[in-house]
Amino acid sequence: MDSKFKLIVDSFGKDRFKFGEHIRDYTALNVGGPAKLFFIAFTTFELIKIITMCRQLNVPLFIFGTGSKMMISDDGFDGLVIKNRTKNISTISIKGKASKIGIGIEEALIEVDSGVSITKLLEYLDSQGLSKVEVSGIPGSIGGNIFISQVLQSKAKSIKVLNLECEVEEIEARQISFKKHIVLSVVFQFSAK
């Protein structure tokens, strides 16, 4: 094993990696050859740490979420492929009115990790009594979709990204750049049903 890859593997533990894993098993279209090294990130901390290591060691990397909008060559990828399975969703703020009959929520700010699927977000919105009409029918995960979905961008209040210098920063949707940013989480504003 290449010494650069060994450093990465040793810092997370060999049991966290797969060698020569076929990406086709993780994509909607069932295409994609083997990755030299394959890793599933479950937390934002892991995502930041492994991306930073890859950049410092000049190891090629490719990150994806649900795999609904991607294709990798059947020749594979000669680097590290990271499947983003970060999963946190939390309500960080609510706005509403209190009266004698209770509290009426008008809108809420929801922070969603980039690896969360739109399906999981819809389930969360439904459980919280928030409107999901605008985001229904979008396949994939938050991280990839925030670059291409005008609807998601319009709902985003802020986006937490890892920039090219491996610094975490908060930006607005209009600043997002596929070449400059890796999305960590997004704060969305949703109205009550």
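Numbers below:
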quantity	calculated
Within the accessible area of the range 1-40 (1.4 Å probe), percent carbon and sulfur	52
Beta bridge orientation in the chain: antiparallel %, DSSP, nearest 5	75
FRET E, pair ASP2, SER191, Förster distance 41 Å, beta-carbon r, rounded to 0.05	0.20
GNM flexibility winner over the chain from GLY143, GLY129, GLY96 (Cα, springs under 10 Å)	GLY96
Cross-link pairs LYS18/LYS157; LYS49/LYS132; LYS87/LYS193; LYS18/LYS132 - those with Cα-Cα distance over 31 Å	LYS18/LYS157; LYS49/LYS132; LYS18/LYS132
Sequence-separation-based contact order of the range 137-176, relative, with Cα cut under 8 Å and 6+ spacing, percent	31
Probe 1.4 Å, accessible area per residue of the chain, Å²	54
Surface share of carbon and sulfur [accessible, 1.4 angstrom probe, percent] for the range 90-193	52
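The values are calculated or read from the model by the stated rules, or taken from the named source; none is laboratory data. These numbers were taken from a predicted model, which means no experiment stands behind them. So basically every Cβ, Gly included, is an ideal-geometry build from the backbone, and we count neighbours across all protein chains shown. Keep in mind that these areas ignore ligands, DNA and RNA; they rest on the heavy atoms of the full protein, side chains included. Shrake-Rupley method; radii C 1.70, N 1.55, O 1.52, S 1.80 Å.
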